[in-house]
């Protein structure tokens, strides 16, 4: 049977992380795992995780520079199973997420689902991130306007062979992984929402029209660095 690794990058997740873990554990088998890389939280995040007393939850410290990019890489480097699910500390998985994503991963290298956007009280802001963002696959369109939101993504372990290590200067890990698989594998966009995507004002990764975006110069720089890094990785 194929096993899954859920990779979470945590930082001061005390208000949210228990709710997220509670939504994940019922969907896992005994041989699955949750890898939590913590970015040296100063709150009760680690104590909350320890209270679950579940051997499937493995907590470690970020091995690289502070920030989501290095923190996710630390978690991914420790993942041991066949399918990798990226996960944010503050969202909520809907009950059929694992079952449905695994079915598609039999045929695709990477699957990304839609999500419902909610506030911290789980009150709906938008029923579809895909519709709000205009999400579709396509290399050029996703360089211009990224649809690859990590908390909705799962992929085959083989993707890590060419996605890691992350280049030091790329903007975010999920954008990088999505575009690489567009070029080297098969991607599927699933139009049903499988998580509640929580926006509470302190998220590590502002997204799209929901929050103030970087200025145009920063956006241009991010794309130039990303494209250069993709070309260099493909030339290896």
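Every number here is computed from the coordinates shown, using simple stated rules; none is lab data. Everything numeric in this text was worked out from a predicted model, so none of it was measured. Using ideal geometry, Cβ is built from the backbone for each residue, glycine included, and neighbour counts are taken over all protein chains shown.
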(request) Please find, in a Gaussian network model of the chain (springs between Cα atoms separated by less than 10 Å), the residue of 23, 147, 70 whose mean-square fluctuation is greatest. (result) 23
(request) Set the Förster radius R0 to 22 Å, insert the Cβ-Cβ distance between residue 200 and residue 234 as r into 1/(1 + (r/R0)^6), and round the FRET efficiency to 0.05. (result) 0.05
(request) Using a/c under 1.5 as the rounded threshold, could you call the stretch 1-106 rounded, prolate or oblate? The axes a ≥ b ≥ c are square roots of the C-alpha gyration tensor eigenvalues, and prolate needs a/b larger than b/c, oblate otherwise. (result) prolate
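Rounded to the nearest 0.05, what FRET efficiency do residue 14 and residue 104 give with R0 = 30 Å and r taken as the Cβ-Cβ distance? Could you check?
Taking R0 as 30 Å, the efficiency between residue 14 and residue 104 is 0.35.
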(message) Could you check the spin-label model distance between residue 224 and residue 119? Points 7 Å from the Cα along Cα→Cβ, value in nm.
(response) 4.0 nm
(message) Suppose only helical runs count, i.e. DSSP H with n ≥ 4. What mean residue ellipticity at 222 nm does that imply for the chain under -39500 (n - 2.57) per run, divided by all residues and rounded to the nearest 500 deg cm²/dmol?
(response) -10000 deg cm²/dmol
(request) State, to one decimal in nm, how far the label point of residue 217 lies from the label point of residue 132, with both points 7 Å from Cα in the Cβ direction. (result) 3.0 nm
(message) What FRET efficiency comes out for residue 141 versus residue 96 if R0 is 22 angstrom and r is the Cβ-Cβ distance? Round to the nearest 0.05.
(response) 0.20
(message) Connecting C-alpha atoms closer than 10 Å in a GNM of the chain, tell me which of 101, 172, 183 has the biggest fluctuation.
(response) 183
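Which percent, nearest 5, of DSSP beta bridges in the chain are antiparallel?
Of all bridge pairs located within the chain, approximately 30 percent are antiparallel.
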(request) For the stretch 34-95 and the stretch 156-188, write down the distance between their C-alpha centroids in whole Å. (result) 19 Å
(request) For the stretch 107-204, just say rounded, prolate or oblate: build the C-alpha gyration tensor, square-root its eigenvalues into a ≥ b ≥ c, call rounded for a/c under 1.5, and beyond that prolate if a/b exceeds b/c, oblate if not. (result) prolate
(request) Taking the Cβ of each residue in 109, 88 as the centre, tally the other Cβ atoms inside 10 Å and list the residues starting with the fewest. (result) 109, 88
(message) I need to check one value: relative contact order of the chain, counting alpha carbon pairs closer than 8 Å and at least 6 residues apart, in percent.
(response) 22 percent
